[in-house]
Amino acid sequence: MISSELIKGSLKTIVLKLLKEEGAMHGYAITRRVEELTEGKIKLTYGALYPILHKLESEGTLITNSENFNNRIRIYYSLTPKGQTVVADKLKEMTEFIESLQRIIEPKPGLSYARS
């Protein structure tokens, strides 16, 4: 399993990407889908997920829709038009970050690094 410290900085991007690809989802569905896509390596806690969902909603990136399901209220989250733009920016940023980490983890042979 991947540490929560590594996940923390990526959670917003993960949530936005899922909502872009899957459409409206409720919190439990988001946690299950992340676990499924990562073969159990990333497990989101509700304590980490819901503050991100509420923050994205307060920023105008997400909207909510409530539905009654088996006498329980389910809150579905979906992207706003602003959210569509934000997800594109976040995915670009995440891709650049992953590529940069890859260069650190597996530097190409023959590259010299300046020493101070």
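A short reminder: the numbers here are calculations on the coordinates, not readings from a lab. Worth saying up front: this structure is predicted, and the values here are computed from it rather than measured. We place every Cβ from the backbone using ideal geometry, glycine too, and count neighbours over all the protein chains shown.
Net length available on complete extension from Leu37 to Lys82 is 13.6 nm, with 0.36 nm assigned per residue and the Cα-Cα distance removed. Within the range 1-99, report the GluC sites (Glu not before Pro) that DSSP leaves as loop and that have at most 13 other Cβ atoms within 10 Å. Loop-located and lightly packed - Glu39, Glu59.
Here are several values of volume of the Cα convex hull per residue in Å³: (i) 129; (ii) 112; (iii) 146. Which one was derived from the coordinates shown? The calculated read-out lines up with (iii). Specify the angular offset, from 0 to 90 degrees and rounded to the nearest 10, of the alpha carbon long axis of helix 27-37 from the longest principal axis of the alpha carbons in the chain. Taking the Cα atoms of the chain, the angle to 27-37 is about 40 degrees. Between Lys8 and Thr45, the distance separating the two model label sites (each 7 Å from Cα on the Cα→Cβ line) works out to 1.1 nm. Considering helices alone, the calculated mean residue ellipticity of the chain at 222 nm is -18000 deg cm²/dmol, with DSSP H runs of length four and up weighted by -39500 (n - 2.57) and normalised per residue.
The loop-placed trypsin sites (Lys or Arg not before Pro) in the range 1-96, going by DSSP, that have at most 11 neighbouring Cβ atoms within 10 Å of their Cβ come out as Lys41. Summary value for the range 1-97: 33 percent relative contact order, contacts being C-alpha pairs under 8 angstrom separated by 6+ residues.
Here Lys12 is the anchor, and the lysines within straight C-alpha reach of less than 30 Å, apart from those fewer than 8 places off in the same chain, are Lys20, Lys41, Lys43, Lys55, Lys82, Lys90, Lys92. Taking Cα atoms only, the orientation of helix 46-58 departs from the longest principal axis of the chain by about 80 degrees.
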